[in-house]
Amino acid sequence: SSPDVRDFVTIMASECHYVNGTQRVRYLQRYFYNQEEFVYFDSEVGKFIAKTEFGRIDAEYWNNDPDFIAQKRSEVDTFCIYNYGWMQGIGATERKVQPSIKISLMDQYEQAHTDQHMLLCNV
């Protein structure tokens, strides 16, 4: 018999939300474990916010580190606004088509015997 094989997936996603170019920019850095968001940084609040008990430990630790929080707060400029300028230079900030979304079921890899599935979202 085969051992019970499991995947444990950790994802960190950075998002920049722009209003009128860079007039108003919101930066989110979101952390997921096994498809569940457990903590995120929100530049509008200026700190990490726990979404689960698991995330509370990280949020408290990171929020009590002044250098780390200062770095996260600066990422509105160093990550979002910097990349907006780069994207503007190649014309990527001009919406030319109506946004669309496609959600599909990913092929199950390695674990044909599991009832867990992963969705792929393309926007």
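For the reader, a short list of remarks on this structure follows.
- Helix 66-75 axis, angle to the chain major axis (alpha carbon atoms, nearest 10°): 80 degrees
- Using alpha-carbon coordinates, inclination of helix 53-63 to the longest axis of the chain, degrees: 30 degrees
- Highest-fluctuation residue, 12, 106, 87 considered, GNM on the chain with Cα pairs under 10 Å: 106
- As a proxy for reagent exposure, ranking 86, 62 by other Cβ atoms within 10 Å from fewest up yields 86, 62.
- Taking a Cβ cut-off of under 13 Å around residue 54, the surrounding Lys, Arg, Asp and Glu residues balance to a net charge of -3, with basic ones at +1 and acidic ones at -1.
- Dipole of the chain, positive end: most advanced residue of 40, 86, 101 [Cβ charges, Cα centre]: 86
- Isolated Cys in the chain, by beta carbon distance under 4.7 Å: 121
- As a length-normalised measure over Cα pairs under 8 Å and 6 or more apart, the relative contact order of the chain settles at 15 percent.
- Translational diffusion of the stretch 10-96, estimated by Stokes-Einstein from the Kirkwood radius over alpha carbon pairs at 37 °C in a medium of 0.692 mPa s, is 237 µm² per second.
Every number here is computed from the coordinates shown, using simple stated rules; none is lab data. Owing to the predicted nature of the structure, the values given are computational and were not obtained by experimental measurement. With ideal geometry, Cβ positions are generated from the backbone for all residues, glycine too; neighbour counts draw on all protein chains shown.
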